Amino acid sequence: MRAPVELVSHVFRNPESIRGFSMADWDKLVRQGRHANLLARLHALLIQARLDTAIPAVARWHFEAATTLAETHQGEMRRELRRLRASLVGLDFPLVLLKGAAYVAADLPASKGRLIEDIDLLVPAERLGEVESALRHADWQRVGLPEYDRRYYRRWRYDAPQMTHLRRAMVINLHHAIVPDCARYRPDASKLRRRATEIPGFAGLTLLSGEDRILHAATLLFHDDGLSHGLRDLSDLDLLLRQAASETDFWPRLLARAEEMELERPLFYALRYARHFFATPVPDEVRDHLRSAEPGRATLKLMDGIYTRMLAPAHRSCMDAFTPPARAATYLRTHWLRRPPRQLVPHLVYKAFISPYQREPNPA
Amino acid sequence: MKLLQLPPGELRRQLADQGIWLGTGPFSLRVRSRIDSVAEGLGELYGQFEVRNPHETFADFHVSVDPQTTLREGLRPKANFSFDGIKPFEPLPLDQAYPLLERGLDWCVSEHAHQYLMIRAAVVEKNDQAVILPALPDSGKSTLVAALVLSGWRLLSDELTLIDRKSGWIHPLPRPIRLKNESIPLIRAFHGDAFFSGVSRSSADDSIAYMRPPKESVRRQHEPAKPRWIIFPKWVSDGELEVLPRSKQETYQSLTQHAFNYSQLGTEGFRVCSALIKQTDSYDFQYSRLEEAVAIFDRLAVSSVPTKLGN
């Protein structure tokens, strides 16, 4: 069996190597990069390394077009966030922006070449209703869902269903927790909110602290059942880590916070795979410290087998015979982490055998 | 080498196997298909286009149209278009495989090629001046375009006007012209030499045939053209020929509606669109007879004072 060749993270680790690329390599890089949603970020990396002139003329437009899209996206996102704040001005508590939208608003390196699909907001559970009705007044509406999914969201999910804008193609996800309430790792969202700080230029919108951003991204990544943007999300983590690592005492603070939040295991995995794919610099002491959070050797081997496949771009050229079982395993594992078997089994049965045959609902 | 130099059997074999590399305008494709009608369609319509051995090459779009059998559809296979594993459309009956490929190629370009402002419009050129013809449903745009390119105009595109964001010039993508129903016999009668692919039926029960792009247009497919006019054609069954100037503001509005990626380009879209409006004159154009319409366009091409048009 031919070993799959994954070029996207290869270029992130060794940008200079593109000088030796054949046309077939460029062909593969563009296709994998597009599937991983990382073309614009690759472009930013190559520009920064002054290597963009080494992109052959026939391939260049793919990178430039991706950058154009990312820039427009981000401009629109900033405008949307200003409007959002204006429509929520009546609320007397700050809203925590999460993930892509937060990176863009705060202009973090992790926003480089980033396409942002949604606005993710962390809201205290008891204030969800308030925020939702304020959003409704500003022309946001709930996405219609089948009755089963509606009940599922209400009971088990850590976010409310999506809200979309009536005229603009924008989506807001309201979260009241980081992971489901019944999950095995259950970080206290109020602790995260308490350390969030206001984003300059976006009064009323806040950003998680450096450590919390990383722990949040790590936890999400290893609770994501589809990992449709796995490598992109891991690349976000890489950029967050590289930025934070320049601050004094960052690593001890990160470790202390991980311990406090009981998120050492997700952090362990995040650092392991960030190093694997992006050669993220992690000090030896940090790795030594996290050894206590390591799973058993057999489990780790299995996890490596699964996540090195699942985090690679979802392109044919990156897949091998073990990719489909890895995908199934990820789905099961993440659901396992989210809820006890008594709830899990009926849910999976419903999703596998009943919902595919039900008709789509009308939007609410 | 040109596609017509591949013997039909060889074309079919390569398409089914590793695929062929095909150059169309500024884009390169790698096309794979195990469906005979796709090989036939490509053989009939793309003879003048360049093909290469796909090994060690770069292709912008890796596409395939293949039979797919789903349980829900029973055992009758359908044709499914895939862009490198992404399947943007519902599968269609197998006899629509070729139209599905053409639609898929339009999709690939309009979803990705943001180095251009892309307008859903035909575009033809004569004397170094291009006419953009935005498509309204049932406007008879493709029929008019077919008549024009059979009368000496150069085909730049039947469906996608690609405006280079830097230069403001239009890049050709002279792929086959899609004609519907009565337009097919009409164009056959208009010009005996027009070559058509086999007729297929669409899901809406229209007859669809593709007209092969003129050889000269394909030969010049890398020569951009300067936009000069924007004309909104409308065919009426029995009416006066009419040419009415259209205000810049109205034209701007229509263009943004016809553009595929106006919003994706942000302020850049506004800039390119404004520059385009500034250097063009636009008209609403109503016609009944193709010969008369072509005569008007020919006068347009030689006139340097477009306001006298129609007098």
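Each value in this text was obtained by applying a stated rule to the coordinates, not by laboratory testing. Computed from a prediction, not measured in an experiment: that's the story for all the values here. Virtual Cβ from ideal backbone geometry, glycine too; neighbours counted across all protein chains shown.
Averaged over residues, the count of other Cβ atoms within 10 Å places the peptides B:96-103, A:280-287, B:52-59 in the sequence B:96-103, B:52-59, A:280-287, highest first. Relative to the dominant Cα principal axis of chain B, helix B:290-302 is inclined by about 70°. Over 11 Å apart: what share of the alpha carbon pairs of segment A:86-125 falls there, rounded to a whole percent? Roughly 66 percent, rounded to a whole number. The equivalent ellipsoid of the protein assembly as shown has semi-axes of 50, 29, 25 Å, largest first, where each one is the square root of 5 times an eigenvalue of the Cα gyration tensor.
A simple spin-label model places pseudo-atoms 7 Å from Cα toward Cβ; at B:HIS191 and A:SER22 they are separated by 4.3 nm. Note on A:GLU262 and A:ALA203: with the Förster distance fixed at 35 Å, the Cβ-Cβ geometry gives a FRET efficiency of about 0.60.
If the chain linking B:THR69 and B:GLU223 were pulled fully straight, counting 0.36 nm for each residue of separation and taking away their Cα-Cα distance, it would gain 51.2 nm.
Applying both filters, DSSP loop and at most 16 other Cβ atoms within 10 Å, to the chymotrypsin sites (Phe, Trp or Tyr not before Pro) of segment B:85-125 gives B:PHE89. Peptide packing for B:152-163, A:34-45, A:188-199, A:63-74 was compared via the average number of neighbouring C-beta atoms within 10 Å per residue; ordered from the highest value, the list is B:152-163, A:34-45, A:63-74, A:188-199. The distance between label points at B:LYS215 and A:ARG60 comes to 3.5 nm (points 7 Å beyond Cα on the Cα→Cβ vector).
The loop-placed chymotrypsin sites (Phe, Trp or Tyr not before Pro) in segment A:277-308, going by DSSP, include none that has at most 10 neighbouring Cβ atoms within 10 Å of its Cβ.
Candidates A:ALA189, B:VAL218, A:HIS229 compared by Cα position along the dipole of the protein assembly as shown: farthest toward the positive end lies A:ALA189, with charges placed on Cβ.
Calculate the translational D of segment A:1-104 in whole µm² s⁻¹ from Stokes-Einstein, where the hydrodynamic radius comes from the Kirkwood formula applied to all Cα pairs, the temperature is 20 °C and the viscosity 1.002 mPa s. Estimated via Stokes-Einstein, D reaches 135 µm²/s. Taking the Cα centre of segment B:1-73 as origin and assigning +1 to Lys and Arg Cβ atoms and -1 to Asp and Glu Cβ atoms, the resulting dipole is close to 80 debye.
Charging the Cβ of each Asp and Glu at -1 and of each Lys and Arg at +1, and nothing else, the dipole of the protein assembly as shown about its Cα centre rounds to 900 debye. Computed from the Cβ-Cβ distance with R0 of 41 Å, the FRET efficiency linking A:LEU51 to A:ASP188 stands at 0.40. Principal semi-axes of the equivalent ellipsoid, √(5λ) from the alpha carbon gyration tensor of segment A:8-357, are 30, 26, 22 Å from largest down.
Among the listed pairs B:LYS126/B:LYS278; B:LYS78/B:LYS215; A:LYS28/B:LYS226; B:LYS126/B:LYS166; A:LYS112/B:LYS248; B:LYS126/B:LYS234, give every one whose C-alpha distance is greater than 29 Å. Can you show the working numbers first?
Working: B:LYS126/B:LYS278 20 Å; B:LYS78/B:LYS215 33 Å; A:LYS28/B:LYS226 35 Å; B:LYS126/B:LYS166 22 Å; A:LYS112/B:LYS248 38 Å; B:LYS126/B:LYS234 21 Å.
Where the Cα-Cα span goes over 29 Å, the pairs concerned are B:LYS78/B:LYS215; A:LYS28/B:LYS226; A:LYS112/B:LYS248.
Applying 1/(1 + (r/R0)^6) with r as the Cβ-Cβ distance of A:VAL5 and B:THR57 and R0 = 22 angstrom yields a FRET efficiency of 0.80.
Converting phi to 3J(HN,Hα) with the Karplus coefficients 6.51, -1.76 and 1.60 and the offset θ = phi - 60°, segment B:55-62 yields 6, 6, 10, 9, 10, 5, 10, 9 Hz in sequence order, with x at every glycine or proline.
For the pair B:ALA16 and B:GLN279, the difference between a 0.36 nm per residue extended length and the Cα-Cα distance amounts to 90.0 nm. Which whole-number percent of Cα pairs in chain B have a distance greater than 30 Å? Percentage above 30 Å: 33. Projected over every direction and averaged, the convex hull enclosing the alpha-carbon atoms of segment B:71-122 yields 4.6 nm². For the pair A:ARG83 and A:ASP249 in one chain, pulling the backbone fully straight at 0.36 nm per residue adds 56.1 nm over the alpha carbon distance. With the helix formula -39500 (n - 2.57) applied to DSSP H stretches of n ≥ 4, the protein assembly as shown reaches a computed 222 nm mean residue ellipticity of -13000 deg cm²/dmol.
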